[in-house]
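Here the structure is laid out as structure tokens; the discussion comes afterwards.
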Amino acid sequence: MKEAVYIGGNPAAEPDLERLLHEVALGDQEAFAAVYDTVAGPVLGVVRAVLRDRAQSEEVAQDVLVEVWRTAPRYRPERGTAINWILTLAHRRAVDRVRSVEAAAARDTRAALLDRTPEYDEVTEQVETRLEQEQVRRCLRTLTELQRQSLTLAYYRGLTYRQVAEALALPLGTVKTRLRDGLIRMRDCLGVSA
């Protein structure tokens, strides 16, 4: 035998929610109006206890009552009272809203962090560039004077082999050989694999 749950103060004035839900399941709008009038307050109370925000609570309570209208055929009296079924729907919907709001806040936080995070570490990039430049300078000092001059003119000033040969007053073949030998020594000094 089911326990009587009284929503208001006068048990004689309380409608039979199980019967009303059965009628709502058949599409009876007047029965739904009676269910609405009876449970709107308790539904809002349950939702507000979870959400603590009046506007969201009212919105979720409205959603719950619409869900009662849509899902009334799913109510099973053998599983519990109608009011407990409705209040369980309300509690679940309120908890879902809390989770949804928390997930949205977490997404917003992650997105904000991604917006502020540089695509690369600028300080690390500058340090690595300086270290590489110093290593190149150190390796250039290991070359012969002719190799260093040839590489400097060709790679730092952008001159062609012929222009380097003219600038150093050397045969083109000699400049090509010195450049090749200098590049090989630079590669070995820098530890670059061929």
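Hey, got a sec? Which GluC sites (Glu not before Pro) in segment 70-139 land in a DSSP loop and have at most 11 other Cβ atoms within 10 Å?
Glu119
Could you tell me which residue out of Val47, Val123, Leu153 lies farthest along the dipole of the chain toward its positive end? Charges go on the beta carbon: Lys and Arg +1, Asp and Glu -1, centred on the Cα centre.
Leu153
With +1 on each Lys and Arg Cβ and -1 on each Asp and Glu Cβ, and nothing else charged, work out how big the dipole of the chain is about its Cα centre, in Debye to the nearest 20.
Dipole size: approximately 1720 debye.
If each DSSP helix of 4+ residues adds -39,500 (n - 2.57) and the sum is divided by the residues in the chain, what number results at 222 nm, nearest 500 deg cm²/dmol?
So the calculated ellipticity at 222 nm is -24000 deg cm²/dmol.
Would you mind telling me the share, in percent, of accessible area of segment 30-110 contributed by carbon and sulfur at probe 1.4 angstrom?
C and S fraction of accessible area: 49 percent.
Using a 1.4 Å probe on the protein chains only, how many percent of the accessible area of segment 125-191 belongs to carbon and sulfur?
Carbon with sulfur: 51 percent of the solvent-accessible area.
Given Ile184, Val66, Val136, which one lies farthest toward the positive end of the charge dipole of the chain, if we put +1 on the Cβ of every Lys and Arg and -1 on the Cβ of every Asp and Glu?
Ile184
Can you pull a Stokes-Einstein diffusion coefficient for the chain at 20 °C (1.002 mPa s), Rh from Kirkwood over Cα pairs, as a whole number of µm²/s?
89 µm²/s
What dipole magnitude, in Debye to the nearest 20, does segment 48-117 give about its Cα centre under +1 on Lys/Arg Cβ and -1 on Asp/Glu Cβ?
Its charge dipole is roughly 200 debye.
Can you give me the accessible area per residue for segment 50-159, using a 1.4 Å probe, in Å²?
For segment 50-159, the solvent-accessible area averages 72 Å² per residue.
What are the ³J(HN,Hα) values, in whole Hz, obtained from phi via the Karplus relation 6.51 cos²θ - 1.76 cosθ + 1.60 with θ = phi - 60°, for each residue of segment 93-106 in sequence order, with x given for Gly and Pro?
5, 5, 5, 4, 5, 4, 4, 5, 5, 5, 5, 5, 5, 5
Please list Trp85, Trp69 from largest to smallest accessible area, probe radius 1.4 Å, with all protein chains kept in place.
Trp69, Trp85
Among Leu170, Ala111, Ser193, which residue has its Cα furthest toward the positive end of the charge dipole of segment 102-194, with +1 on Lys/Arg Cβ and -1 on Asp/Glu Cβ?
In segment 102-194, that residue is Leu170.
Ordered by residue, what ³J(HN,Hα) values in Hz, to whole numbers, does segment 129-140 give under the Karplus form 6.51 cos²θ - 1.76 cosθ + 1.60, where θ = phi - 60° and Gly and Pro are x?
4, 5, 5, 5, 4, 5, 5, 5, 4, 4, 5, 4
Using θ = phi - 60° and the Karplus curve 6.51 cos²θ - 1.76 cosθ + 1.60, what whole-Hz ³J(HN,Hα) does each residue of segment 72-85 get, with Gly and Pro shown as x?
3, x, 7, 5, 10, x, 5, 8, x, 6, 5, 5, 5, 4
Just want to confirm a number: the relative contact order over segment 45-174, from Cα pairs under 8 angstrom separated by 6+ residues, in percent.
Relative contact order of segment 45-174: 19 percent.
The values are calculated or read from the model by the stated rules, or taken from the named source; none is laboratory data. Nothing here was measured: the structure is a model prediction, and the numbers come from that model. Reconstructed Cβ throughout: ideal geometry from the backbone, glycine too, with neighbour counts over all protein chains shown. Please note that ligands, DNA and RNA were not included when accessible areas were found on the heavy atoms of the full protein model with its side chains. Shrake-Rupley method; radii C 1.70, N 1.55, O 1.52, S 1.80 Å.
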